[in-house]
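The values are calculated or read from the model by the stated rules, or taken from the named source; none is laboratory data. Computed from a predicted structure; not experimentally measured. For neighbour counting, all protein chains shown are included, and Cβ atoms are generated from backbone atoms with ideal geometry for every residue, glycine included.
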Amino acid sequence: MPSLDEEELFLPSTPGKFKDRSNTMHRQFHRCFASTSTLFLWALFLVALTASYLSFQSFVDSGSRYFSSTWGGIHWEKQVRTSAQVRRANGFSVLVTGAAGFVGTHVSLALKKRGDGVVGIDNFNNYYDPSLKKARKSLLNAQNIFIVEGDINDAQLLAKLFDVVAFTHVMHLAAQAGVRYAIENPHSYVHSNIAGLVTLLEACKTANPQPSIVWASSSSVYGLNEKVPFSESHRTDQPASLYAATKKAGEEITHTYNHIYGLSITGLRFFTVYGPWGRPDMAYFSFTRNILQRKPITVYRGKNRVDLARDFTYIDDIVKGCVASIDTSKKSTGSGGKKRGPAQYRIFNLGNTSPVSVPMMVGILERQLKVKAKKHMVEMPGNGDVPFTHANISLARRELGYKPTTDLQTGLKKFVKWYLSYYGHNHRKSVK
Ligand SMILES: NC(=O)c1ccc[n+]([C@@H]2O[C@H](COP(=O)([O-])OP(=O)(O)OC[C@H]3O[C@@H](n4cnc5c(N)ncnc54)[C@H](O)[C@@H]3O)[C@@H](O)[C@H]2O)c1
Ligand SMILES: *[C@@H]1O[C@H](CO)[C@@H](O)[C@H](O)[C@H]1NC(C)=O
């Protein structure tokens with residue numbers, strides 16, 4: 001109906017009406033004059049409309065920075081500057097990426113505690129329950145550590161941060177973690193572990209002064225290696241997962257930035273880190289939840305019924321290794337985006353050097369939770385997990401004074417204590 005009505009409007013209402021020719025010239029002059037001035041008015045109107053539209057657009061653009069975006073503005077800059085303030089002699093100001101993550105939270109707290117300035121950045125993605133990340137953020141806020149909500153792919157944000165603070169170090173822990181999730185969402189690994197890393201390194205190489213960088217690689221780069229214990233000199237060109245491949249790529253990419261721009265780089269290959277405020281997607285965490293809820297747990301077994309084993313490393317030991325890496329890292333040598341001399345490039349294993357089989361880990365949890373697990377033994381599907389990990393840490397011991405002191409029994413006890421205080425026996429908070 002409406003379309004018919006509209007068509008009718010454009011039909012001449014009196015098609016056959018006679019027109020007086022004598023008046024035509026006069027009328028045409030009038031019409032011409034009228035249409036010129038109308039045209040002029042219309043043009044004026046359009047110019048005004050365009051101008052107001054453009055100024056409105058720029059208002060919205062700059063406004064979004066202050067109203068809808070999570071960063072920018074005088075107040076924001078002040079928070080960043082205050083958080084980065086150094087409170088000890090010869091202290092550092094450190095930008096911690098992935099600060100609302102498991103390791104990032106602990107490292108941020110340790111640095112702040114000794115008087116270093118810390119600014120965090122995290123995108124609070126929902127790979128696992130973001131409310132846990134928000135709770136970690138509150139923990140950091142209580143110690144006057146400010147976390148910027150943003151993505152490391154946001155070059156403008158990074159440039160702004162380096163503009164506001166002359167960071168001495170970047171502790172880069174933001175990443176898409178987890179091995180099996182790569183089957184589901186491969187692009188999230190490329191987004192954070194490759195594209196995000198390059199964006200971060202670009203910001204670092206441009207910054208003046210350039211910061212020194214310590215970042216998390218992974219034991220997963222050893223992939224299908226069978227030579228144990230894993231040493232830094234062993235081959236790492238047989239990754240078993242996309243996650244491992246992106247971490248390996250990260251090692252090559254950081255090497256390039258070290259070589260071309262003189263960035264000081266330390267890569268840390270973490271071995272299965274666990275502890276309070278840990279990651280819900282990791283086995284020790286989800287086993288604890290399921291055992292408490294009397295639900296069955298799936299325990300993978302390798303070929304020929306060989307149990308999987310991991311070199312479980314307690315979070316406090318990892319934190320010591322991270323802090324020691326910062327303390328022993330040399331300055332970057334570049335400036336103005338150009339290399340001025342060779343810069344430090346290091347890679348270390350940070351493990352515990354005492355692998356424990358997964359069924360033994362379950363046994364420890366059973367004793368501490370005082371609940372028997374309903375174990376469902378399944379042959380390991382070939383989706384990225386490796387059968388075992390075992391770190392040779394003699395290089396980290398020599399160069400960083402790294403010496404892990406917490407065995408799995410002691411560490412899991414601390415984890416269980418935290419878990420029960422945070423979730424309770426019957427899971428007040430939901431865990432994904
Ligand atoms: N926990 C382990 O066992 C282990 C082992 C080997 C390596 N690692 C590495 O250590 C680092 C820390 O791991 P974790 O266990 O604390 O993991 P996590 O997932 O708890 O922490 C990573 C944090 O980074 C954030 N993040 C992810 N992508 C981001 C992006 N594009 N921009 C901004 N923030 C982003 C996440 O929101 C998360 O809070 C990671 O690089 C991880 O790959 C961890
Ligand atoms: C551990 O690595 C060091 C080199 O960092 C090497 O000298 C040593 O032999 C390795 N130990 C084992 C048990 O493989």
*Would you check which residues across the range 227-254 are small (Gly, Ala, Ser), more than 14 Å from Ser192 (Cα to Cα) and within 16 Å of ligand 1 (Cβ to nearest atom) and list them?*
Ala240, Ser241
*For Thr313, are the conditions met, namely being of a type in the set (S, T, N, Q), surrounded by 17 or more Cβ atoms within 10 Å (Cβ to Cβ) and more than 16 Å from ligand 2 (Cβ to nearest atom)?*
yes
_Just to be sure before I move on: is Val164 more than 10 Å from ligand 1 (Cβ to nearest atom) and in contact with a Leu (Cβ under 9 Å, 6 or more places away or on another chain) in the structure I sent?_
no
*Go over the candidates Val228, Val190, Val165, Val170 one by one and state the one that is under 19 Å from Leu350 (Cα atoms), of a type outside the set (Lys, Arg) and touching a Ser or Thr at 6+ places or on another chain (Cβ under 8 Å).*
Val170
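Confirm whether Leu412 is crowded, with 16+ Cβ neighbours inside 10 Å, touching a residue at least 60 places away in the same chain (Cβ under 8 Å) and within 25 Å of Arg180 (Cα to Cα).
The answer is yes for Leu412.
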*Can you find even one residue in the range 331-342 that is at pLDDT 95 or above and touching a strand residue (DSSP E or B) at 6+ places or on another chain (Cβ under 9 Å)?*
yes
*asked:* Any residue that is charged (D, E, K, R) and touching a residue at least 12 places away in the same chain (Cβ under 8 Å) - is there at least one of those in the range 277-285?
replied: yes
*asked:* On the basis of being part of a helix (DSSP H, G or I) and more than 9 Å from ligand 1 (Cβ to nearest atom), does Thr266 make the cut?
replied: no
*asked:* I'd like to check something: does the range 55-68 contain any residue that is more than 16 Å from ligand 2 (Cβ to nearest atom), modelled with pLDDT under 95 and assigned to a loop (DSSP other than H, G, I, E, B)?
replied: yes
_Quick check on this structure: which one of Leu350, Leu292 is crowded, with 19+ Cβ neighbours inside 10 Å, more than 16 Å from ligand 2 (Cβ to nearest atom) and either among the aromatic types (Phe, Trp, Tyr) or modelled with pLDDT of 95 or more (or both)?_
Leu292
*Can you name every residue in the range 194-233 that is of a type in the set (Phe, Trp, Tyr) and under 19 Å from the mean Cα position of the chain (by Cα)?*
Trp215
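Name every residue in the range 340-394 that is among the β-branched types (Val, Ile, Thr), part of a helix (DSSP H, G or I) and more than 16 Å from ligand 1 (Cβ to nearest atom), in order of residue number.
Filtering the range 340-394 down to residues among the β-branched types (Val, Ile, Thr) leaves 347, 353, 356, 358, 362, 364, 371, 378, 386, 389, 393.
If we keep only those that are part of a helix (DSSP H, G or I) as well, we get 358, 362, 364.
Result: Val362, Ile364.
State which residue is nearest to Ile347 (Cα to Cα) when the search covers only the range 238-266 and only residues that are of a type in the set (D, E, K, R) and touching a residue at least 24 places away in the same chain (Cβ under 8 Å).
Ranking the candidates gives Glu251 first.
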*Show the residue pairs that are 6+ apart or on different chains and have beta-carbon atoms under 7 Å apart, the first residue being within the range 224-237 and over 21 Å from Gly382 (Cβ atoms), the second being within 7 Å of ligand 2 (Cβ to nearest atom).*
Pro229/Asn392; Ser231/Asn392; Glu232/Leu395
*Go through the range 87-151 and tell me which strands (runs of 3 or more DSSP E), entirely inside it, have 2 or more residues that are among the hydroxyl-bearing types (Ser, Thr, Tyr).*
93-97
*Look at Ala244 and say whether it is surrounded by fewer than 22 Cβ atoms within 10 Å (Cβ to Cβ) and under 21 Å from Asp385 (Cα atoms).*
no
*Tell me, please, whether a residue that is outside any loop (DSSP other than H, G, I, E, B), more than 29 Å from Asn185 (Cα to Cα) and touching an Asp or Glu at 6+ places or on another chain (Cβ under 7 Å) can be found in the range 152-168.*
yes
*Mind listing whichever residues of the range 163-193 are under 25 Å from Asn90 (Cα atoms) and surrounded by 20 or more Cβ atoms within 10 Å (Cβ to Cβ)?*
Val165, Phe167, Thr168, His169, Val170, Met171, His172, Leu173
*Could you look through the range 84-140, keep only residues that are of a type in the set (S, T, N, Q) and over 22 Å from Phe271 (Cβ atoms), and pick out the one that is farthest from ligand 1 (Cβ to nearest atom)?*
Asn90
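Mind checking which residues of the range 205-220 are assigned to a helix (DSSP H, G or I), more than 16 Å from ligand 2 (Cβ to nearest atom) and closer than 26 Å to Arg180 by Cα? Talk me through it step by step, then tell me what you get.
Applying the first criterion (assigned to a helix (DSSP H, G or I)) to the range 205-220 yields 205-206, 219-220.
Right, trim to more than 16 Å from ligand 2 (Cβ to nearest atom) and you get 205-206, 220.
Listed by number, the list holds a single entry, Ser220.
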